[in-house]
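Every number in this text was worked out from the coordinates using simple rules, so none of it is lab data. What you are looking at is a predicted structure, and each value in this text was computed from that prediction instead of being measured. Backbone-built Cβ (ideal geometry, glycine too); neighbour counts: all protein chains shown.
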Amino acid sequence: MKTTSLKKLTRITLLVCGLALCVSIFVPMWSIYLTAPQYPEGLSMFLWSNKITGDYEIINGLNHYIGMKTIHEEDFWEFKILPYALGFFAFLCFLAAFLNKKLWLSVTTLLFLIFGVAFMIDFYMWEYNYGHNLDPHAAIVVPGMTYQPPLIGFKQLLNFGAYSYPNIGGGIMIGVALILVILAIIEFRKPKMG
Amino acid sequence: MKSLKLFGLATIVALSSLGGCKPKGTETAISGDAAEKVYVAPGKYDEFYNFVSGGFNGQVNVYGLPSGRLLKVLPVFSQNPENGYGYSEETKPMLETSHGFIPWDDQHHLSLSQTNGEVDGRWLFANANNTPRVARLDLKTFKTVEIIELPNSAGNHSSPFLTENTEYVVAGTRFAVPTDDQNGDVPIDTFKENFKGVISFIGINPESGDMDVSFQIEAPGINFDLSHAGKGKSADWFFFSCYNSEKANTLLEVNASQNDKDFIMAVNWKKAAELAKAGKGRKVATEYVHNKWDESTHSATSTMKKEVLVLSVEDMKDAMYFIPCPKSPHGCDVDPTGEYIVGSGKLAALIPVFSFDKIQKAIADKAFSGEYDGVKVIKYEAALYGEVQKPGLGPLHTEFDGQGNAITSMFVSSELVRWNIKDLKVIDRVPTYYSTGHLMIPGGDSKKPFGKYVVAYNKITKDRYLPTGPELAQSAQLFDISGDKMKLLLDFPTFGEPHYAQALPADMISKNQVKFFKIGENNHPYATKGEAESKVVREGNKVHVYMTSIRSHFAPDNIEGIKVGDEVYFHVTNLEQDWDVPHGFAIKGNENAELLIMPGETCTLKWVPKKAGMYPMYCTDFCSALHQEMQGYVRVSPTGSNTPLIYSLNNKKDNAQSPVKKAETK
Ligand SMILES: [Cu+2]
C-alpha cells in the first residue's frame, strides 16, 4: 500500500503543474515571427489556446503573392477543443495529487505525452498544409519552393526569415510534460531504494 | 519690410566705415568637429524635428536636426499635386475662403502648442499672410486639420502666436484696412479716418484643438508686424510690434520711417476676453470661412461664418497700451522668465529691452506721455529696462538660450549676436551667409528652451551651393551654442523662403505617430471596406466608382460604358492596414492631380473625360514587387452612345473581353 502512494513533494508539484496548465489557457502558446528588409520592425503572430492575435492579417496580405491560403481563426477547429483539453489535463494533475496514487500519476503522464505529441503533429500538419498547398496561379511561383514555417527554430523563406518558438503557454506545456516524466521516474524508482 | 535699398545703403556705409570687415569664407568659420556633431549615422534618428515655414510656397517643411535632412513637405495653404491635397474632393474645402477657392498663400510663422509655457508636441499652428488665415496641423498625422479665415484683416503677419496654455492663437493685421462692415471703396487719402488695424483672438478648444474667432480688437490703423505672448508673470499679456505710426500710405520706406519711435502694443488678453464675455464690443457683419478636417470621414467641410465680435479702443482703455520703441520695430520677443520684452528696431542701432514689472508700475503710476488715437502711450523710460548698445546692424528677431542669454539676428550685418539679458552686454557674435531673417532655438520662444542649437534662416545664398540659374535656394545654418562661442556646424538649403521656425525634441512627437487609419473606423460616405463591396453606380451623368486598392491591384480594374461629359468620381479606399503602404491613383489626361491614399483612408478624384477612347489608370506609388501590374482601363464612349456600364471585379482568368458585373443605375 505504501509503495503506491506519492511523495509529498510530488503531490505539491502536481498541484503546481495543474495550476500552470490553467494559466496556459489564458496566455499565448506559440509565437511566429517574420522579418524581412521591408519589415525591420518584424511581424508577429501569436497562437493562443482559443485564438490568433498579432499581425496575421498583414501576413495574409503578403502571402497572396505566393498563393498561400489566408489564415482565419474560424478555420481552426482546435480552438474549440484546446482550452477544454488543457483544462482536462489540469484536472488530471489535481486528481492525481488528490488520489495520491502512482497509477494516476502514470495515467496523467502518459495521456499528456500523447496529447503533446499529437499537438505537435497537428501543428506540423497545419504548417505543412499552408506551406505546400499553393495557388498555381500565384504571382510568385518559385519552382520547388515551399513555404512551411519551422516547428521550432528558424527558417529562411524567400525574403522572410521565419522564427517559431513556444510562448508562455507552450513553455508551460513542455515544462509540465518534462516534470511529469521526471516525477514518474522518481516515483517508480522510489520503492527500489526503500 | 522696409526697403532693401535702405539696407543696402546702410551696408555700404557700415562696410566702408569698418574698413571692409567682410566675413571670411566657411573654411575659417567651420571647426574640426563640425561634421561629427551633425552626423546622424544610417539607421539613427535626428534629435529634433524642425518645422520651417515655406514662405511663398505656402507649405511647411520638416527637417531633422542636427543633420538638416528634409523629412517631409506638408501642404497647408497650397495645393500639392504629389498627394492630391487641394485637388481631391475631400481636401478641396480646406482651401475655401470668402473670396472663393485660394490654392496658394504666403506662409510665414509657426507656433507649437504649449502647456505651461513649454512645447507639448500636440499641434502646430501656421499663418497665411496674403488671404488672412490660420491653420492647425495635427502632429500625430502631420496633416492640416483646420484652417480659419480672419475677417477685418489683410496681411496676416503678426500671427500665429500662442498664449502659454494654448488658450488663444493671435493674428494681427499687417495692413490697416476698413473693417468689413464699412465701405472699402474709399479714397486712399482717407486712410487716417477709415483704416483700422484689427487684432484677432482665436480661441482654441483645449481638448480637440478646434479654433474659433472668439473676438477681435479694433486698434488704430497702424501696421502690426510681429507678436509674442507673455509667460509666467506676464502670461495675461500679449505684445505686438507696430510700424508706420505715421499712417503713411505711399512710399512707406521714407514716409513710415519719419518717427524716431514706433510702438510695441501691450494687450491684456485676459481682460479683453472678460470684456468680450461680458458683452462689450459690437457685432460686425462679415463673411469668413472655417474649414475643418474630420479624421473619421477623411473629409473636410467648409462653413461660412457671418458675424464677429469686435472690441473698440474705448472698450479696451484699461487693457491696451502703447510703448514707444525705436525705430520701425520688427521682432517682439519675450524671454523665458516673462520679465523682458525685446523689441528690435530694424533701423535702430540698439536693441531696447522692456521690463514687464516696469510696464506694470508705469500703468499704476500713470506714467504716460500722451495718447495715440485714444490709446495711452507709456513713457519710454518708464517701461525700459535698458538698451543693448551697438549690437550690430538691422536687428530683427531674438530667441533665448535658456541660460540667461538672448541671440538676435542681424539682417544688415549678416550675423547672430549673443548678449546677456541681465547686463545687456554683447558676449559673442558669428557671421551668417547671408542676410539672416528669423532665427530659431528649439523651444527658444518658450519657458524652456533646449539651448543646444540655433538655426539662422538666411535670405541670400549666393556662393553657398551649386548655382541653379538666377534663382538660388534659401538657406538655413545650424550653430552649436552649447559652449562660450557659437560655432557653425552646417548649411542646408530650404524650400520657399523660410521665415520663422519651431523645433522640439523628436521623441515628443515620434512616439505618437499614427501608422495607419483603422478601416473599421473609416466613416467616409463612399468608403469601400472590402473588395466585395466594390461597385460602379451611375446617377444621371455622374458615375461613382467605389474602388479599393491593395497590393497589387485595384478592384474594379476595368470599367466600360463611361461617356464623354460624364463626371466620374473615383472613390478609392486603400484597404492596407500596415504602416508606410500608401497607394497612388492616376488616370490619363486628368486635369486634376493624382491621389496618394494612406492605409485605411478613402480619397476621391474627379475626372471629366473630354474625348472617347481608352484611358489607362494606375498606381503611382511603388507599393510592391507587382506595383507595375497595379493598373486598369476606363473605356470612354461618345455622348449618347449605349455602351453598357460594366466593370470587372477580380476576374481570375483573362476574361477582359467579358467583364462580369453590371453597374447600378440610380
Ligand atoms: Cu499600389
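Beyond 13 Å, how much of the Cα-Cα pair distribution for segment A:1-48 remains, as a whole percent? In whole percent, the share of Cα-Cα pairs in segment A:1-48 beyond 13 Å is 71.
Which lysines does residue A:101 reach when only Cα atoms under 24 Å apart count, and residues fewer than 8 places away in its own chain are ignored? Within reach: A:2, A:7, A:8, A:190, A:192. Counting every alpha-carbon pair across chain B, the share separated by more than 42 Å comes to 32%. Provide the percentage of antiparallel DSSP beta bridges, counting only those with both residues in the protein assembly as shown; round to the nearest 5. Here the antiparallel bridges make up roughly 90 percent for the protein assembly as shown. Within 10 Å of the Cβ of each residue in A:56-64, the mean number of Cβ atoms contributed by other protein chains is 3. Normalise the Debye intensity by I(0) for segment B:128-267, one equal point scatterer per Cα, no solvent, then take log10 at q = 0.13, 0.21 Å⁻¹ and round to two decimals. Computed log10 I(q)/I(0) values: -0.59, -1.26. For chain B, the relative contact order comes to 11 percent (Cα pairs under 8 Å, sequence separation of at least 6). With the simple spin-label model, which puts each label point 7 Å out from Cα in the Cβ direction, the residue A:74 to residue B:460 separation comes to 7.3 nm. Restricting the calculation to Cα atoms, segment B:83-208 yields a radius of gyration followed by a Dmax of 15.9, 49 Å.
As an exercise, take the mean of 1/r over every pair of distinct alpha carbons in the protein assembly as shown, invert it, and state the Kirkwood radius in angstroms. Present the calculation step by step, with values, prior to reporting the outcome.
Details: mean 1/r = 0.0315 Å⁻¹.
Mean inverse Cα-Cα distance, inverted, gives 31.8 Å.
Separation of segment A:59-102 and segment B:59-118, taken as the distance between their Cα centroids, equals 52 angstrom. Cα-based values for segment B:516-666, radius of gyration first and Dmax second, are 14.5, 45 Å. Across peptide B:571-583, the average count of Cβ atoms from other chains found within 10 Å of a residue's Cβ is 2.
Here the extension length gained between residue B:508 and residue B:361 equals 49.0 nm, from 0.36 nm per residue of separation less the Cα-Cα distance. Using Cα centres only, tell me the gap between segment A:120-194 and segment B:220-256 in whole Å. Segment A:120-194 and segment B:220-256 have Cα centres spaced 74 Å from each other.
Projecting the Cα atoms of B:353, B:198, B:663 onto the dipole axis of the protein assembly as shown, where Lys and Arg carry +1 and Asp and Glu carry -1 at the beta carbon, places B:663 farthest toward the positive end.
In the neighborhood of residue A:76, defined by Cβ-to-Cβ distances under 11 Å, what is the net charge if each Lys or Arg adds +1 and each Asp or Glu adds -1?
Surrounding charge for residue A:76 is -3.
Judged by the mean number of other Cβ atoms found within 10 Å, the most tightly packed of the peptides B:132-142, B:99-109, A:56-66, A:32-42 leads the ranking B:132-142, B:99-109, A:56-66, A:32-42. Stokes-Einstein diffusion of segment B:205-290 at 10 °C, 1.306 mPa s viscosity, Kirkwood radius from Cα pairs, rounded to a whole number: 102 µm²/s. With R₀ fixed at 56 Å, the C-beta to C-beta distance from residue B:294 to residue A:110 puts the FRET efficiency at about 0.35. For chain A, the relative contact order is 32 percent, taking Cα pairs closer than 8 Å that sit 6 or more residues apart in sequence and dividing their mean separation by the residue count. Here the scattering of chain A is modelled by Debye summation over its C-alpha atoms, one equal scatterer each and no solvent; at q = 0.12, 0.16 Å⁻¹ the log10 of I(q)/I(0) is -0.66, -0.96. For the peptide B:620-627, the mean number of other protein chain Cβ atoms found within 10 angstrom of a residue's Cβ is 2.
Normalising by the residue count of segment B:158-245, find the relative contact order in percent from Cα pairs under 8 Å and 6+ residues apart.
31
In a reduced charge model with +1 at each Lys and Arg Cβ and -1 at each Asp and Glu Cβ, the protein assembly as shown shows a dipole moment near 2440 debye about its Cα centre. For segment B:172-241, taking the reciprocal of the average inverse distance between every pair of different Cα atoms yields a Kirkwood hydrodynamic radius of 13.8 Å. The charge dipole of segment A:1-117, taken about the Cα centre with unit charges on the Cβ atoms of Lys, Arg (+1) and Asp, Glu (-1), comes to about 1160 debye, rounded to the nearest 20. Just flag the chymotrypsin sites (Phe, Trp or Tyr not before Pro) in segment B:557-666 sitting in loop per DSSP whose Cβ has no more than 12 other Cβ atoms within 10 Å. Within segment B:557-666, the qualifying chymotrypsin sites (Phe, Trp or Tyr not before Pro) (loop, at most 12 other Cβ atoms within 10 Å) are B:622.
Projecting the Cα positions of B:431, B:474, B:495 onto the charge dipole of segment B:416-495 (unit charges on Cβ atoms of Lys, Arg, Asp and Glu, taken about the Cα centre) puts B:431 furthest along the positive direction. Taking each DSSP H run with n ≥ 4 as -39500 (n - 2.57) and averaging over every residue of chain B yields -2000 deg cm²/dmol at 222 nm. Would you work out the charge dipole size for chain B about its Cα centre, treating the Cβ of every Lys and Arg as +1 and the Cβ of every Asp and Glu as -1, and quote it to the nearest 20 debye? Dipole of chain B, to the nearest 20 debye: 420 debye. Here the Karplus curve 6.51 cos²θ - 1.76 cosθ + 1.60, taken at θ = phi - 60°, turns the phi angles of segment B:252-257 into couplings of 4, 4, 9, 6, 9, 10 Hz, with x standing for Gly and Pro. Full extension of the chain between residue B:541 and residue B:317 yields a length gain of 74.6 nm, computed as 0.36 nm times the residue separation minus the alpha carbon distance. Just to confirm a number: summing +1 for Lys and Arg and -1 for Asp and Glu over residues other than residue B:70 whose beta-carbon lies under 14 angstrom from that of residue B:70, what do you get? So the environment of residue B:70 carries a net charge of -1. The residues packed around residue B:56, meaning those with a beta-carbon under 13 Å from its beta-carbon, carry a net charge of -3 if Lys and Arg are +1 and Asp and Glu are -1.
On the basis of the beta-carbon distance and an R0 of 22 Å, residue B:36 and residue B:69 show a calculated FRET efficiency of 0.85. Pairs B:44/B:511; B:346/B:422; B:563/B:666: which are spaced more than 19 Å apart, C-alpha to C-alpha? Those over the limit are B:346/B:422. Just so you know, the Rg over Rh for segment B:357-445 is 1.08, from Cα atoms, with Rh as the Kirkwood radius. Structural size metrics of segment B:404-532, computed from C-alpha coordinates, are Rg and Dmax of 20.6, 73 Å. Per the Kirkwood definition applied to all pairs of different Cα atoms, how many angstroms is the hydrodynamic radius of segment B:308-458? About 16.0 Å for segment B:308-458.
Stokes-Einstein diffusion for segment B:272-325, with the hydrodynamic radius set to the Kirkwood value over Cα pairs and evaluated at 37 °C in a medium of 0.692 mPa s, equals 234 µm²/s. Projecting each Cα onto the charge dipole of segment B:550-644 (Lys/Arg +1, Asp/Glu -1 at the beta carbon, about the Cα centre), which of B:641, B:571, B:623 comes out farthest on the positive side? Of the candidates, B:641 comes out farthest on the positive side.
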